[in-house]
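This report concerns only the one structure given below.
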Amino acid sequence: MTLAVDCRMYGKSGIGSFLAGVLPYLCSDADFERILLLAAEESLEKLESAVQPFSGRVSLQPCRVKPFSMQELLFFPKKITVLINSFSCYFSPYCNVPSGIRVPVFTTIHDLLFLDFPGLTGKAGVLARKFFYKYAVFRSKALFTVSEFSRNRIISLLSCKKPVHVACNGIPGFMEEAKASGALDGIPKGDYILFVGNIKAHKGLVTLLEAFSVFQRHIESRLVIVGSAESFRTKDVSVSSLLEQGRDGIDFTGYVPDDRLLGLLASARLLVQPSLYEGFGIPPLEALYCGCKVVLSDIPVFKEVYSGFPVSFFRAGDAADLEARMEEAWADKSPIPPLPDRYSYKKAASVIAEGMKKPCN
C-alpha cells in the first residue's frame, strides 16, 4: 500500500502541530511501502529534516498552491494530481481536498468552530467554511477528528454518514525529548499565570482578564499571554483593545519558539484555559506534562478530554468562579500526580493508518 499526505501546513500552529505529531509514525508504518509528502516551499527544508530517517521510502513534492484557494479547488496542477493518483490513497490533516484526485481520500475535521460559534466571521465566511466541510465529507472515504465531541458535531451538523474516527492530539516530540532528557526536572516556579492560544472570542480571554484583575489584588502575580499574532484575523475586539492599551501585570509575548514555550510551561505556576469552545484543547495537556497546574472551563469537550486528569474546572464565562479556582490552584503546592496514559500522537497515527487501510484493502 502507498500513501500521499498533504503537508503544506507543516510548521504552522494548530493543524501543523497535529501533522508534525502523527507524520513520523505514519512514515514508520511498514504497511506503507512508499509515501509522498506534498510540501509548501517555505517548509520544505524543515520537512526534509523531519523525515530524513525514512528517506528510503519517503519522497517530497514541492507545491506552491495555497490550501483553500480557488486554484486548489478548481485548477490544481495536473502534474501533481497525476503523481498523487499513482499512490493508493490521499490523506489531508485538514478538510481541504484538491481537484483531480481520483484515489480514495481521507480528511480531518478538527472542529466546527465557525458553525457552532456564530460571530467569528460574516455570513459569507460561514457559508464558505460549511462548503469546505461538506465537500470534505462528500469526497472522503472516512474522516478523522480529535474528540468524541467533535465527532458528534460532524455527524449532526454536516449530516455525515461516512465513518468518523477519533484520533486525539498528543504531546509533541520536542516535549517528550525534553522530559526524557531530564530538562524539565527541578525548574523553579515563577509567579505568573499562563494563557496559550489566540485571542479569538471563543477562547474566553475576556473572562480571564476580568478574573485576573481581581486575583492580582490578592496575590502578587503576572499574566503571560502566549499566541501567534498571525491567527488574530478574527480576534476578540474587546480583548485586543485591552492588550493594545496595556495593562499592569500582563505580558503579551506573541509567537514563541518551542524552547521558550517549553520553559514558560514548565515554570508557570498555573495555566488557565477559559475557552467557550474547542475541538480538543492542547495547551492544558502540554502544561500538565510539563508540571504546571491547570484550571479549565467546564465546556463539554474539556469535561470529556480531561476526565480523570488532575485539573480544576470553573463555570465557563463566570469570572468570579474562575478567580476562586485560580486562588485555590495557586495555593496548592502538591506535585502533579502521574497522568492517565490516554493521549499520544503514536496512538493517533495508528487510528489514522487503520482507518485508511481498511477501505483501501
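Of the residues Ser150, Phe138, Val164, the one whose Cα sits farthest toward the positive end of the charge dipole of the range 116-194, with +1 on the Cβ of Lys and Arg and -1 on the Cβ of Asp and Glu, is Phe138. If you bin all the Cα-Cα distances of the chain at 10 Å, starting from zero, the percentages per bin are 5, 24, 32, 24, 12, 3, 0.
A 1.4 Å probe over all protein chains sorts Asp258, Asp341 by accessible area into Asp341, Asp258, starting with the largest. The residues of the chain have, on average, 44 Å² of accessible surface per residue, using a 1.4 Å probe with all protein chains present.
Taking a ≥ b ≥ c as the square roots of the eigenvalues of the Cα gyration tensor, the range 41-154 is prolate, since a/c reaches 1.5 or more and a/b is larger than b/c. Each residue of the range 342-359 was assigned a 3J(HN,Hα) from its phi angle through the Karplus curve 6.51 cos²θ - 1.76 cosθ + 1.60 (θ = phi - 60°); the sequence is 10, 10, 7, 6, 5, 5, 4, 4, 5, 4, 5, 4, 5, x, 8, 5, 4, x Hz, with glycine and proline shown as x. Taking a sphere under 14 Å around the Cβ of Ile336 and counting the other residues whose Cβ falls inside, with K and R at +1 and D and E at -1, yields a net charge of +2. Listed values for the range 192-200 are Karplus-derived 3J(HN,Hα) couplings in whole Hz (6.51 cos²θ - 1.76 cosθ + 1.60, θ = phi - 60°), namely 9, 9, 10, 10, 10, x, 8, 10, 5, and x replaces Gly and Pro. Straight-distance candidates among the aspartates and glutamates for linking to Lys347, with alpha-carbon spacing under 13 Å and chain neighbours fewer than 8 residues away dropped: Asp29.
Rounded, prolate or oblate: which fits the range 292-360, taking a ≥ b ≥ c as square roots of the Cα gyration tensor eigenvalues, rounded meaning a/c under 1.5, else prolate when a/b beats b/c? In terms of gyration-tensor shape, oblate. Helical content alone sets the calculated 222 nm signal of the chain at -12000 deg cm²/dmol, taking -39,500 (n - 2.57) per DSSP H segment of four or more residues and averaging over every residue.
For the cross-link pairs Lys79/Lys141; Lys130/Lys203; Lys78/Lys346, the ones whose C-alpha atoms lie over 28 Å apart are Lys78/Lys346. Per-residue 3J(HN,Hα) values for the range 316-322, derived from phi via the Karplus relation 6.51 cos²θ - 1.76 cosθ + 1.60 with θ = phi - 60°, read 3, x, 9, 5, 5, 5, 4 Hz in sequence order (x marks Gly and Pro).
The values are calculated or read from the model by the stated rules, or taken from the named source; none is laboratory data. Just so it is clear, the model here is predicted, and its values are computed rather than measured. Cβ sites come from the backbone with ideal geometry, for glycine too, and all protein chains shown count toward neighbours. Protein only, heavy atoms only, side chains kept; ligands, DNA and RNA dropped before computing areas. Shrake-Rupley method; radii C 1.70, N 1.55, O 1.52, S 1.80 Å.
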